[in-house]
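K.L.:
Quick one: structure below, then a few questions.
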Amino acid sequence: ITHAKSNCLSVAELRKRIKAEDFDAFTYRHKLFLALYGPIRNAWDEALTDSDATDFEEMLNMAGEHLEAGNWNSPYELIMVDEFQDASWARARMSQALVKQPGRFLFVVGDDWQSINRFAGADISVMTGFRDWCGDAQVLKLERTFRCPQALCDASSAFVMKNEKQIPKKVRSETLQIGPVLQAFQVLDRTRIRGAVRLHLQSIYEQLRDGSHPLGKNGKVSVYVLGRYNADEHYVPPSWKSDFGDKMAVEFHTIHKSKGSEADYIVLPHLAKHGFPSRKEDDPVLRLAMPAEDPYPKSEERRLFYVALTRARRSVAMFTVQGRESPFLIELMKGGWV
């Protein structure tokens with residue numbers, strides 16, 4: 001319901017999509033699903049009406065329709081939108097409608113290389129095809145970074161730009177490199193990853209203690225252990241605070257939740273086949289209601305990996321299992337980045 005409303009798709013329009021598109025073996029299944037979905041969607045909308053209420057997606061659609069019909073003149077000369085790579089079509093439509101009158105301007109900021117929220121309704125084409133739906137626009141590329149050293153910018157950019165559907169740019173860094181920026185470690189089986197992560201933290205700690213690596217402004221350095229899923233938190237050594245806590249602050253985050261933040265050191269503990277990129281896929285029925293998928297293989301997983309790499313101010317350590325290496329790690333190795 002959320003995805004269908006975000007993309008302004010009624011039950012009738014969803015049925016038309018089944019007829020118009022080739023869903024192969026899923027066509028019959030989709031028809032059965034809509035037979036269940038239709039009454040539930042109608043009951044939900046009726047319950048909202050009876051309660052004199054609305055849901056968030058419908059609120060956006062109603063606002064867009066209201067503005068497009070000229071029922072309210074926006075008093076704003078400039079509308080600014082941040083994180084535009086995560087916009088749904090409903091949000092983009094409302095943003096455009098707010099500047100419908102002459103002399104009004106829409107200013108958006110975003111990075112399509114970090115579009116990782118399709119599951120929540122984000123449509124990357126809203127960003128990459130901005131001129132197609134919004135009209136002529138001036139594009140300013142922010143190509144300087146003060147976070148990652150240049151070697152990490154080069155490796156991560158080369159990786160994510162394999163997908164030519166994305167907006168090209170050349171990222172230049174103002175950050176000095178401290179030690180190797182990309183490292184890979186291999187263990188015999190998954191049960192040994194946590195021990196290997198601990199040894200890596202110990203190596204960083206010893207470099208901090210002997211002064212070969214500088215401490216942060218508060219006398220410590222930050223370390224993020226980033227997992228594809230919350231279950232990866234068990235790779236964080238439980239004794240890190242007593243062993244290294246006087247010079248290091250270690251935190252676990254999923255990669256999705258780490259977006260927008262940064263740390264001195266990044267640890268990716270499970271770059272093994274079927275771990276990352278994830279082989280879990282959305283149920284095919286969601287294709288009926290979601291934005292068109294980027295045709296490049298594992299495109300959103302690639303952007304998620306890019307987000308993980310670029311959280312680092314100093315270096316990224318990647319851990320894998322012998323014989324089960326992630327194809328992303330293999331690609332970095334073949335490119336000579338690791």
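The values are calculated or read from the model by the stated rules, or taken from the named source; none is laboratory data. Quick caveat, the model's predicted, so the values are computed rather than measured. Cβ placement follows ideal geometry from the backbone for every residue including glycine, while neighbour counts extend to all protein chains displayed. All accessible areas refer to the heavy atoms of the entire protein, side chains included, with ligands and DNA or RNA removed. Shrake-Rupley method; radii C 1.70, N 1.55, O 1.52, S 1.80 Å.
K.L.:
Tell me which residues come under 5 Å, amide H to amide H, from S173 once H is placed; ignore anything under 5 positions away on its chain.
P.N.:
Here the answer is T145, since their amide H atoms fall under 5 Å of that of S173.
K.L.:
Given the DSSP H assignment, sum -39500 (n - 2.57) over each helix run of at least 4 residues in the chain and divide by its residue total; what's the result at 222 nm in deg cm²/dmol, nearest 500?
P.N.:
Helix-only estimate at 222 nm: -11000 deg cm²/dmol.
K.L.:
Using a ≥ b ≥ c from the Cα gyration tensor of the stretch 124-223 (square roots of the eigenvalues), is it rounded, prolate or oblate, where a/c under 1.5 gives rounded and otherwise the larger of a/b and b/c decides, a/b for prolate?
P.N.:
In terms of gyration-tensor shape, prolate.
K.L.:
Take every DSSP beta bridge whose two residues both sit in the chain, then give the antiparallel share in percent to the nearest 5.
P.N.:
The antiparallel fraction comes to roughly 5 percent.
K.L.:
Provide the gained length on full extension for the span A35 to S239, in nm with one decimal, where the gain is 0.36 nm per separating residue minus the Cα-Cα distance.
P.N.:
Here the segment from A35 to S239 would lengthen by 68.1 nm.
K.L.:
Points 7 angstrom from Cα along the Cβ direction at R209 and Q322: gap in nanometres?
P.N.:
Simple spin-label model gives 2.9 nm for this pair.
K.L.:
Please say if the stretch 12-164 is rounded, prolate or oblate, where rounded means a/c under 1.5 for a ≥ b ≥ c the square roots of the C-alpha gyration tensor eigenvalues, and otherwise the choice is prolate for a/b larger than b/c and oblate otherwise?
P.N.:
Oblate is the answer for the stretch 12-164, as a/c is 1.5 or above yet b/c matches or exceeds a/b.
K.L.:
Quick one: of K100/K257; K169/K259; K16/K298, which pairs are farther than 24 Å apart, Cα to Cα?
P.N.:
Result: K100/K257; K16/K298 exceed 24 Å.
K.L.:
When the chain is modelled as a GNM with alpha-carbon springs shorter than 10 Å, which of N218, N42, N230 fluctuates the most?
P.N.:
Result for the chain, Cα springs under 10 Å: N218 fluctuates most.
K.L.:
Oh, and also: Which of the trypsin sites (Lys or Arg not before Pro) found in the stretch 174-222 are loop residues per DSSP with 14 or fewer other Cβ atoms within 10 Å of their Cβ?
P.N.:
K217
K.L.:
Across all directions of projection, what mean area in square nanometres is found for the Cα convex hull of the chain?
P.N.:
21.6 nm²
K.L.:
With each pseudo-label sitting 7 Å past Cα toward Cβ, what's the L78-M161 distance in nm, one decimal?
P.N.:
Those two pseudo-labels are separated by 3.0 nm.
K.L.:
Hey, how much of the P(r) for the stretch 52-124 falls beyond 19 Å, as a percent of Cα pairs?
P.N.:
40 percent
K.L.:
Separate question: Where does the Debye-calculated log10 I(q)/I(0) of the stretch 163-205 sit at q = 0.18, 0.26, 0.33 Å⁻¹, using only Cα point scatterers of equal weight, no solvent?
P.N.:
Debye curve over Cα of the stretch 163-205, log10 I(q)/I(0) at q = 0.18, 0.26, 0.33 Å⁻¹: -0.75, -0.97, -1.22.
K.L.:
Right, another one. Got a sec to turn the phi values of the stretch 226-240 into Karplus ³J(HN,Hα) couplings, 6.51 cos²θ - 1.76 cosθ + 1.60 with θ = phi - 60°, whole Hz, x for Gly and Pro?
P.N.:
Calculated HN-Hα couplings, in order: 10, x, 5, 9, 4, 4, 6, 4, 5, 7, 6, x, x, 9, 4 Hz.
K.L.:
Per residue, how much accessible area does the stretch 16-98 show when a 1.4 Å probe rolls over the protein heavy atoms, in square angstrom?
P.N.:
It amounts to 66 Å² per residue over the stretch 16-98.
K.L.:
Moving on to the next point. Fully extended, how many nm does the chain gain between F119 and R192 (0.36 nm per residue separation, minus their Cα-Cα distance)?
P.N.:
Working it through step by step, the gained length comes to 23.1 nm.
K.L.:
Where in the chain are the helices, taken as whole DSSP H runs, whose Cα atoms extend 27 angstrom or more along the long axis and whose Kyte-Doolittle mean reaches at least -1.0?
P.N.:
The qualifying helices are 27-50.
K.L.:
Okay, next question. State the percentage of accessible surface on the chain attributable to carbon and sulfur atoms; use a 1.4 Å probe and exclude ligands, DNA and RNA.
P.N.:
Ligands and nucleic acids excluded, carbon and sulfur reach 53 percent.
K.L.:
Counting heavy atoms of the protein chains only and a 1.4 Å probe, report the per residue accessible area for the stretch 191-338 as a whole number of Å².
P.N.:
Per residue, the stretch 191-338 has an accessible area of 46 Å².
K.L.:
For every other residue with a beta carbon closer than 13 angstrom to the beta carbon of S74, add +1 if it is Lys or Arg and -1 if Asp or Glu, then tell me the sum.
P.N.:
0
K.L.:
Cα extents of the stretch 284-324 along the three principal axes, largest first, in whole Å?
P.N.:
In descending order, the Cα extents are 41, 29, 15 Å.
K.L.:
Let me ask another. Write out the trypsin sites (Lys or Arg not before Pro) in the stretch 248-338 meeting two conditions: DSSP loop, and at most 11 other Cβ atoms within 10 Å of their Cβ.
P.N.:
R279, K280
K.L.:
Please report the spacing between the Cα centers of the stretch 107-182 and the stretch 216-252 in Å, no decimals.
P.N.:
Comparing the Cα centres of the stretch 107-182 and the stretch 216-252, I get a distance of 27 Å.
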